[in-house]
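Structure, as structure tokens:
The values are calculated or read from the model by the stated rules, or taken from the named source; none is laboratory data. Computed from a prediction, not measured in an experiment: that's the story for all the values here. Here the Cβ positions follow ideal geometry from the backbone for every residue, glycine too, while neighbour counts run over all protein chains shown. For the accessible areas, the whole protein counts, side chains as well, though only heavy atoms, and no ligand, DNA or RNA atoms are used. Shrake-Rupley method; radii C 1.70, N 1.55, O 1.52, S 1.80 Å.
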Amino acid sequence: MTHELTSTVVLTPLQRRGQEIVDRLRGIHLEHPTGRAPSGSEPRIGVALGGGSARGLTHIPYIEAMDEMGLRPHVIAGTSIGALIGAGWAAGMTGAELREHSFSVLGTMRIIAGRLWGAQVRNLGNFFQAGFNVQLDACQVVDAFLPDPFPYEFKQLKTKFYVVATDFQSWHQAVFSEGPLRQAIAGSIAIPSLFKPVPFAHHLLVDGGVVNPLPLDQAAADTDILIGIDVNGDPSEQLNKLNHKALDVWFGSAQIMMHSLTAHMMAAYPPDVYVRPHLSSFGALEFWRVREIVAHVEKDKDNFKRALEKRVEAFVRHDAESMRAEDR
């Protein structure tokens with residue numbers, strides 16, 4: 001009955017190849033001469049979700065792409081906005097559910113302001129353009145924007161998950177994978193000056209992007225395929241601009257630092273699949289442009305699928321060859 005139903009669906013060449021891979025991984029398509037599926041199982045995929053403030057909303061289409069391929073990560077590691085979105089993914093949310101939730105809580109400046117301060121700040125755009133003069137409580141922000149209900153402990157998650165923050169006192173990264181979840185996320189998103197540092201687990205935490213904006217080191221452990229999604233952006237649309245606002249200079253300087261740190265991390269832990277969408281047309285705090293930001297990388301989903309497909313095919317081929325060698 002399954003074959004009768006699927007035979008009525010018209011798939012594109014890319015979708016057909018993706019379905020073949022998924023079928024092969026699930027043991028439906030048996031190539032081994034003994035009639036057994038290749039050894040294992042699905043490849044263990046590690047995904048590093050980088051920091052980039054509002055630009056990090058572009059993680060969502062790539063998560064959707066993996067959903068469409070029928071692939072789930074073995075490990076997720078997130079920094080800053082990557083920690084916030086990664087927590088939802090690790091909790092079992094699909095890319096489509098993450099998209100829907102993001103639209104519902106970030107759709108307009110009024111909605112964002114309502115979740116943060118009620119009626120106290122009615123025009124969030126003017127608030128940021130004028131320069132922030134209050135520091136937000138990162139724990140309250142996490143509670144305001146996570147879906148309800150949501151896990152309180154790492155052990156309640158469905159996928160192994162690492163959160164990267166920065167220990168302001170020791171100048172080192174602090175990595176969390178057990179214990180209270182929300183406080184760890186709060187520390188990871190605590191952008192200096194915008195958020196108060198977060199006291200947690202004998203650390204004073206600030207944004208993880210200060211030390212590790214793309215946590216490939218955490219996602220690489222015990223995985224077969226390593227994916228890095230770098231949402232820090234690039235300078236392309238700023239090269240000829242001269243009239244930068246103070247806030248632009250502050251965040252732009254942070255981007256430069258994060259770009260350098262990411263380059264060093266990639267040299268130490270080269271990802272098998274790496275994406276870096278062009279995002280300079282979006283401001284670091286323009287969360288209310290969530291629909292535009294997500295739509296901006298829709299066109300890159302097929303490229304991402306093709307790159308990941310090649311890696312999965314290589315894994316399956318190598319796995320099958322290893323099985324044949326064992327049977328000789």
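Return the residues of region 270-290 that are modelled with pLDDT of 95 or more and surrounded by fewer than 19 Cβ atoms within 10 Å (Cβ to Cβ); say none if nothing qualifies.
Hits for region 270-290 are 270, 274.
Do we find a residue being open to solvent by less than 20 Å² (accessible area, probe 1.4 Å) and modelled with pLDDT of 90 or more anywhere in region 240-261?
Checked against the condition, which is being open to solvent by less than 20 Å² (accessible area, probe 1.4 Å) and modelled with pLDDT of 90 or more, region 240-261 yields no hits at all.
One line per residue, one yes/no per condition, for (1) within 18 Å of the chain's Cα centre (by Cα); (2) open to solvent by less than 30 Å² (accessible area, probe 1.4 Å); (3) closer than 15 Å to residue 143 by Cβ:
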position: 175; (1), (2), (3): yes, no, no
position: 183; (1), (2), (3): no, no, yes
position: 189; (1), (2), (3): yes, yes, yes
position: 210; (1), (2), (3): yes, no, no
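Tell me the helices (runs of 4 or more DSSP H) entirely within region 29-125 that contain at least 1 residues that are at pLDDT 95 or above.
On the way: elements: 59-69, 81-90, 95-106, 109-117.
Result: 59-69, 81-90, 95-106.
Any idea how many residues of region 141-170 are open to solvent by 80 Å² or more (accessible area, probe 1.4 Å) and in contact (Cβ under 8 Å) with a residue 12 or more places away in the chain? Give the steps one after another, and end with the answer.
We begin by selecting, within region 141-170, every residue open to solvent by 80 Å² or more (accessible area, probe 1.4 Å); these are 143, 148-149, 152, 155-156, 158, 160, 168-169.
Those still in the list that are in contact (Cβ under 8 Å) with a residue 12 or more places away in the chain too: 143, 152, 155-156, 158, 160, 168-169.
Total satisfying the criteria: 8.
Answer with yes or no whether residue 85 is over 25 Å from residue 153 (Cβ atoms) and either without any contact (Cβ under 8 Å) to a residue 60 or more places away in the chain or crowded, with 19+ Cβ neighbours inside 10 Å (or both).
Working: over 25 Å from residue 153 (Cβ atoms): no; either without any contact (Cβ under 8 Å) to a residue 60 or more places away in the chain or crowded, with 19+ Cβ neighbours inside 10 Å (or both): yes.
For residue 85, the condition - over 25 Å from residue 153 (Cβ atoms) and either without any contact (Cβ under 8 Å) to a residue 60 or more places away in the chain or crowded, with 19+ Cβ neighbours inside 10 Å (or both) - is not met.
Please go through region 159-180 and give me each residue that is outside any strand (DSSP E or B), touching a Pro at 6+ places or on another chain (Cβ under 9 Å) and of a type outside the set (S, T, N, Q), ordered by number.
Selection gives 168 alone.
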